[in-house]
Amino acid sequence: MVRVTNLDRLGMDIRVTTRGKRKNKLNTDEFRIGFRIPVMSVEDAKSEVLKVFQEAWEKGNGYSWGEEEDEMPGNDIPILKIAADALGSRK
């Protein structure tokens with residue numbers, strides 16, 4: 001499950017929850033995804049959020065937009081992992 005936890009003019013924070021290897025174990029990671037340009041209105045923010053998710057969908061489904069890797073959509077969006085599930089690393 002992916003949930004947007006924060007949104008500002010420079011980007012958004014998302015929380016990604018996945019099932020772990022063990023039964024009933026959930027892993028949670030948080031990421032900061034920056035926008036290409038700072039947004040100045042609600043409409044701009046909606047547009048940028050949709051662009052980020054559209055490009056992620058295209059990349060995940062194997063759509064290619066050029067010969068070089070740098071030309072693929074979403075490659076210039078800054079993504080930073082800001083938190084990880086510390087409990088998931090214990091054995």
Karplus couplings for the range 32-40 from phi (6.51 cos²θ - 1.76 cosθ + 1.60, θ = phi - 60°), rounded to Hz, Gly and Pro as x? 10, 10, x, 7, 5, 9, x, 8, 10
May I ask you to give the solvent-accessible area per residue for the range 1-54, in square angstrom, as obtained with a 1.4 angstrom probe? 73
Using amide H atoms built in the peptide plane, which far-off residues or other-chain residues are under 5 Å from L7 H to H? D13
Counting only residues 5 or more apart in sequence or on a different chain, those whose built amide H sits under 5 Å from that of A84 are E30
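The values are calculated or read from the model by the stated rules, or taken from the named source; none is laboratory data. Only a predicted model underlies this, so the values are computations on that prediction, with no experimental measurement involved. For accessibility, only protein heavy atoms count, side chains too; no ligands or nucleic acids. Shrake-Rupley method; radii C 1.70, N 1.55, O 1.52, S 1.80 Å.
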